[in-house]
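Below: one structure, written as structure tokens.
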Amino acid sequence: MTHPQRHRPNADRDPTPSVAPVVVGVDGSKPSALALSWACEHAKAGAREVLAVCVRALAPLPDDLMIGASPWDELADADDPDAPVRSMLDDMAEQAEAEFPEVTILRRLLHGHPAQELIRLSQTTDLIVVGARGHGAFTGMLMGSVSQHLVSHSHCTVVIVR
């Protein structure tokens, strides 16, 4: 059983049910799979769609790499460097669709910093769901940096599933 933590920055907002999709951040990890399942269960109850979002962080290249070299060379197809990430996103969405056939799961692959892109999406929905990261004894270590940043800066309710 998952135990979500909720952040409600706009508790005084209009309580009318939303038709915006439930946004869920996925990265191929077990915590993000749990977040996707939680989002689907929530969406099913409200007859809403789920938007599964994966943000591919494009890290800067180290100074000592030759021009033209890429840290993604071994993982990425030269014609489609997003192929491995898109495949992971599709696999996760297909597994959730098998478990929740009544829920429509949309997919979106974005580029940038995961926290920043999810915060941007928080302006267009009323719920974002992410998985927790870390296993430390302190509260700050129970959430990953993306979820911490999202909780601090989101424009909507955030659920962190662990």
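All of the numbers you see were taken from the coordinates with simple rules; none came from a lab. No experiment lies behind these values; they were computed from the predicted model shown. FYI the Cβ positions are ideal-geometry reconstructions off the backbone, even for glycines, and counts take in every protein chain you see.
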Place a +1 charge on the Cβ of each Lys and Arg in the stretch 82-125 and a -1 charge on the Cβ of each Asp and Glu, then give the dipole magnitude about the Cα centre in debye, rounded to the nearest 20.
320 debye
Give me the number: length gained by fully extending Asp79 to Leu106, i.e. 0.36 nm times residue separation minus the C-alpha to C-alpha distance, one decimal in nm.
7.3 nm
Length released on extending from Gln116 to Asp91, taking residue separation times 0.36 nm less the Cα-Cα span:
6.6 nm
Where labels lie 7 Å past Cα in the beta-carbon direction, separation of His155 and Lys30 in nm:
3.6 nm
